[in-house]
Amino acid sequence: MIKASGYYIFLIFVLILMTLLLSVWSLAAGYVDLSPAELWNSLWTDTEDPTRLILLEVRLPRMLLGLLVGGALGLSGAALQGLLRNPLAEPGLIGVSASGSLGAVIAIYTGLSAQFPYALPLLALAFSFGAVFMLHLLAGRTKSILTLILAGVALSSLAGALTSLTLNLSPDPWAVLEIVFWLMGSLTDRSMTHVELAAPFIIAGYSLLLLSGRALDGLSLGEDVAHSLGINLNRTRLLITVGTAASVGAATAVAGAVGFVGLIVPHLLRPLVGGRPAKLLPASMLGGACFILLADIVVREVLPGKDLKLGVVTALVGVPFFLWLLMKSRRYGQ
Amino acid sequence: MLKRGGIFLFLVMVLGGPQMLAALPGPERVVSMNLCTDQLLLMVADPNQILSLSYLAHRPSSAVLFEEARNFPKNHGLSEEIFNLNPDLVLAGVYSTRYTTSLLKRLGKRVEVFQPARTLDDIRKNVLQMGRLLMREKRAEKIIAEFDRNLKKLAAFTPAEANKQTLGLFGPNGRTTGAGTLADALVRAAGYKNLARRLDIRGSGHLPLEILIQEQPDILALYGIRGIPTRSREILSHPALTKSFSDTTKLSVESKYWICGAPFITETIVRLLDARRLDLLEASQ
């Protein structure tokens, strides 16, 4: 036991180190070649210095949002998988992100967010909440992967279609071009304003989700055992539903719907934490942050100037992984 | 001017009867399905020749001549809709739905396609082409003469090569335009160097915010800033832009003044020149 927890502390330490390294790399990566020394020195120059502006107003918000969004997706993926006891529960696959996007699109294109900026994260949160709630109704009582995926496909398609419809109906010629952003996600050209809008909700979501760890541990032994351990299942459901809605909703409101993070990260880390949900949650949060930071570095370094969408990179890694999982779960039955 | 012409012709029609109308040379039922041919048509045609213009021509955000355009019914560039209008001439741009134009041709309609203007000379060519099609060459020549007079007046403000400032064009989604575009021709006609050219951007391209800040052009010209809030537009009010360009080095010229190559784009050049004068004023203080 002591050895296991020593190992766990080591794992968390490595993940934190990786997150820090990727954060620094994210600040150094960009369209303008700037050496670490130049970036460091710019911190002590006057406020109008271009290098300083690039670092603090363009790259820093991008890095912070990468951290926050990745953490939200990884953590909520791990929590949903624990709650629904279903390996394919992931905010992107089951329509939570797509619904958040729809909420954000409605907030922006009706002009609501121009009047009241927090309408953007709040509406995205409300729509994500609706999606998690619907999933409980449609697939909450069954462990069947098929039911969950079908319900998720239905929700994603509906939310995606309504997003496209909203943007198509907009009289603005630019709106239609944005469909791909809302469905694939991107951190390009975000500012500190977006960090300020999303961070409070994402962090609140983190705390709710992390609180559910012990209950998920109990739940992994079955509902009856969980009951006998004195775990309040309704409270756990509420924690995870609100936590996912808050973190994924706010993340989607500023970055669009990025898929597969919540699927890949918990699956990669689960063997390393001995399958314990309470341990998987913080590890997935850090792992998700690493994954998004890395994907966003790939976006900028591999095809600079093409403004590749984040969801393209995560899907290129995620789809083969998803298919492999599906094959494996079919082989072992459900 | 056009309006007055319209009223005059209306009186002639009423007083002179149908014989007068029939005496007009050239096509009499012209339908345009492209924003730029709409506006050229409005400038060159006799109002009685125009049957319908594209819906974009009615929008203040996309058409310079929207007020004049609103005197005519709009179409949405759909083949059925246009066929039913029974036009004797259909005007389209290269980017108009190819399917629609080829279908209309197969149905026996006369369709004339205009190339988008990429230089100031293209504008003259397009005005002349419009004049020929409508059999109003005189009117077209008059417009070109006035256009050239305006350009000549503006050319007086062009500084020597060594004193030319750099201007960065920046629009929604971080778009910019470089060599081979009308916007580039206008920037250079106003006596600036286009930042996009220095960055080897041809046609329309993506200009990352970082590079724009690093390059620090003397003047930043934003387009597409007006309109409903969208994600694409958010970048135009990005804090990094507000901090690196003061109000005197930043100007906004609405998109509609960049899109269509028509003689009214001398207005765009005037606006770009204005920015420099403001800048010079500040430098002399």
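The numbers here are math on the coordinates, done by the rules we state, and not lab data. Here the structure is a predicted model, which is why all the values come from computation and not from measurement. Here the Cβ positions follow ideal geometry from the backbone for every residue, glycine too, while neighbour counts run over all protein chains shown.
Structure summary
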read-out: Long-range HN-HN contacts of B:K193 with modeled amide H, under 5 Å; value: B:Q165, B:T166, B:L167
read-out: Cα-Cα over 21 Å, subset of B:K193/B:K250; A:K309/B:K256; B:K125/B:K152; value: A:K309/B:K256
read-out: Shielding by partners - mean other protein chain Cβ count within 10 Å, residues of B:167-173; value: 2
read-out: Relative contact order computed over chain B (Cα-Cα under 8 Å; 6+ residues apart), in percent; value: 16 percent
read-out: Set of lysines with alpha-carbon distance to A:K279 below 25 Å, sequence-local pairs under 8 removed; value: A:K3, A:K143, A:K328
read-out: Distance histogram in 10 Å bins (all Cα pairs of segment B:77-152, percent per bin); value: 18, 40, 29, 12, 1
read-out: Whole-number D in µm²/s for segment A:155-195 (Stokes-Einstein; Kirkwood sum over Cα pairs; 20 °C, 1.002 mPa s); value: 189 µm²/s
read-out: Two-decimal log10 I(q)/I(0) for segment A:227-276, as the Debye equation yields it once each C-alpha is a single scatterer, q = 0.20, 0.28 Å⁻¹; value: -0.92, -0.98
read-out: Unit charges on C-beta of K, R, D, E only; dipole of chain A, Debye; value: 1540 debye
read-out: Directionally averaged shadow of segment A:59-127, computed from the convex hull of its alpha-carbon atoms, nm²; value: 5.2 nm²
read-out: Dipole magnitude of the protein assembly as shown, debye to nearest 20 (Cβ charges: Lys/Arg +1, Asp/Glu -1, about Cα centre); value: 1200 debye
read-out: Dimensions (Å) - segment A:113-176, Cα atoms, principal axes, largest first; value: 43, 24, 11
read-out: Among B:Q49, B:Q165, B:Q214, residue whose mean-square fluctuation peaks in a GNM of chain B (springs only between Cα atoms under 10 Å); value: B:Q214
read-out: Measure of compaction for chain B (Cα Rg per 2.2 N^0.38 Å); value: 1.11
read-out: Interchain or long-range residues, amide H under 5 Å from A:F260's placed H; value: A:G92, A:L93
read-out: Distance from segment A:281-311 to segment B:223-279 (C-alpha centre basis), Å; value: 33 Å
read-out: For segment B:139-285, alpha-carbon Rg over 2.2 N^0.38 Å; value: 1.05
read-out: Neighbouring partner chain Cβ atoms per residue of A:108-116, average, 10 Å criterion; value: 2
read-out: Values of log10 I(q)/I(0), in the order q = 0.12, 0.13, 0.15 Å⁻¹, for chain A under a Debye, Cα-only, solvent-free model; value: -0.81, -0.94, -1.22
read-out: Base-10 log of normalised Debye intensity for segment A:3-51 (one unit scatterer per alpha-carbon) at q = 0.13, 0.20, 0.25, 0.29 Å⁻¹; value: -0.48, -0.73, -0.92, -1.04
read-out: Lys/Arg +1, Asp/Glu -1 at C-beta; segment A:120-229 dipole; positive extreme among A:P173, A:F127, A:V195; value: A:F127
read-out: Dimensions in Å of segment B:217-271 - Rg and Dmax from alpha carbons; value: 12.5, 36
read-out: Diffusion coefficient, µm² s⁻¹, Stokes-Einstein with Kirkwood Rh over alpha-carbon pairs of segment A:194-270 at 4 °C and 1.567 mPa s; value: 95 µm²/s
read-out: Gaussian network model of chain A, springs between alpha carbon atoms under 10 Å - residue of A:V58, A:V14, A:V312 with greatest fluctuation; value: A:V14
read-out: Per DSSP, loop trypsin sites (Lys or Arg not before Pro) in segment A:126-226 with at most 16 further Cβ within 10 Å; value: A:R141, A:K143
read-out: Within segment B:35-139, chymotrypsin sites (Phe, Trp or Tyr not before Pro) in DSSP loop having at most 13 other beta-carbon neighbours inside 10 Å; value: B:Y95
read-out: Cα long-axis angle, helix B:266-284 against chain B (0 to 90 degrees, to the nearest 10); value: 20 degrees
read-out: Qualifying trypsin sites (Lys or Arg not before Pro) for segment B:116-197 [loop in DSSP, other Cβ within 10 Å: at most 16]; value: B:K164
read-out: Relative contact order (%) - criterion: Cα under 8 Å, at least six apart; region: chain A; value: 30 percent
read-out: Within a Gaussian network of chain B (alpha carbon springs, distance under 10 Å), most fluctuating of B:A240, B:A117, B:A179; value: B:A240
read-out: Computed magnitude of the charge dipole of segment A:196-275 (debye, nearest 20; Cβ of K, R +1, Cβ of D, E -1); value: 20 debye
read-out: Sorted largest first, extent of segment A:6-127 alpha carbons per principal axis (Å); value: 51, 50, 21
read-out: Descending semi-axes in Å of the protein assembly as shown, equivalent ellipsoid built from Cα gyration tensor; value: 56, 31, 18
read-out: Translational diffusion of segment A:256-334, µm² s⁻¹ [Kirkwood Rh, Cα pairs; Stokes-Einstein; 20 °C; 1.002 mPa s]; value: 156 µm²/s
